[in-house]
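Since every read-out is calculated from the coordinates, none of them should be taken as a lab result. Since we're looking at a predicted model, the values are computed, not measured. Using ideal geometry, Cβ is built from the backbone for each residue, glycine included, and neighbour counts are taken over all protein chains shown.
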Amino acid sequence: MEQVEQRLATIQKQINEACETSNRSVEDITLIAVTKQVSSARAQSLLDVGIQDLGENRLEGLLEKQEAIKDSVHWHFIGNLQTRKVKELVHTIDCLHSLDRMSLAKEVNKRASQPLNCFVQVNVSGEESKSGITPDEVDEFFEQLATYENVHVIGLMTMAQNTEDESIIRNTFRSLRELRDRIAAKKYSYAPCTKLSMGMSNDFTIAIEEGATHIRIGTALAGSESEETE
C-alpha cells in the first residue's frame, strides 16, 4: 500500500506541475489507472488510496477484476475491441477509448441499451503497429455516426510514438487537440467531442500541457505483475 501511495503522490505532483505550466486546472484531468498487468488485489489497493477510474485492455481481465472488486469504480476499456465481444462488454463499462471503425460503432449501437461514452481512436503518428482511423478520415467518420443513437462520442484518443524526441510526442498530441477542436466546433449532438484521451506513463505530462483530459497510467502507478511475486 505504501508503495502505491508513494507512486500516486509522485504522479499527482507531476500532474499539478504540468497543469501549472499550461495554466490548466487539475480538476480537468481524469487519472485512469491501467491495471492490465496487475492482479485484482493490486487494483483494489489503487482504489484504497483514492483512485476512482480503472482501465483494462482485455475483456477477460476486466470481467475478472469486476468480479473481485465491489467498490464503486468508473471502468474504462482502452484496448482493441473485437466486434464479437461487444455484447459482453457494453454493459460493464463507463467508457470505451478505442472506437476505431464503423463496424464496431454499429455493434455498440446494436448491443448497448443506452448511449455509451466513447473516444474515437485516431492514429495520428501513422504507425502500422497502432490502431485507429487516420486524421483524414475523422470528418467522414463522425458524419457516419449520426444515426447511431447509442454511440456518444465525448472525445478523441491517441497514442504517441515511443521516442525520446519530445517534439515528436508534443506534435502528435497537439495534432489530436486540433482535430478535436475542429470536430467540437461542429457541435454534433451525438458527439460533443470535448475530451482528449492521451498520455501514458512516459509522456503524460506533455499530454496534459497539450490539452489531455484523460491520462492512462499503467506501470508508473500500478506497477507490474513481477513486483507482486517478489
Using only the Cα atoms, work out Rg/Rh for segment 105-230, with Rh taken as the Kirkwood radius, to two decimals.
1.02
LYS187 to GLU2: extension gain in nm, 0.36 nm per residue of separation minus the Cα-Cα distance?
62.1 nm
So if each residue of separation counts as 0.36 nm, and I subtract the Cα-Cα distance between SER72 and THR163, what length gain in nm does that give?
29.1 nm
What net charge do the residues around LYS13 carry, taking every other residue with its C-beta under 14 Å from that of LYS13, with Lys and Arg at +1 and Asp and Glu at -1?
-2
Would you pull out the residues with amide H under 5 Å of LYS195's amide H, same chain only if 5 or more places away, H placed 1.01 Å from N?
GLY155, LEU156
Using eta = 0.692 mPa s and T = 37 °C, Stokes-Einstein with Kirkwood Rh from Cα pairs puts D for segment 2-229, in µm² s⁻¹, at 184 µm²/s
Based solely on its DSSP helices, what 222 nm [θ] is calculated for the chain when runs of n ≥ 4 H residues each add -39,500 (n - 2.57) and the sum is averaged over all residues, nearest 500 deg cm²/dmol?
-11500 deg cm²/dmol
The alpha-carbon center of segment 77-101 and that of segment 125-143 are separated, in whole Å, by 18 Å
If R0 is 35 Å, what FRET efficiency do you get for GLU149 and GLU27 from their C-beta distance, rounded to 0.05?
0.70
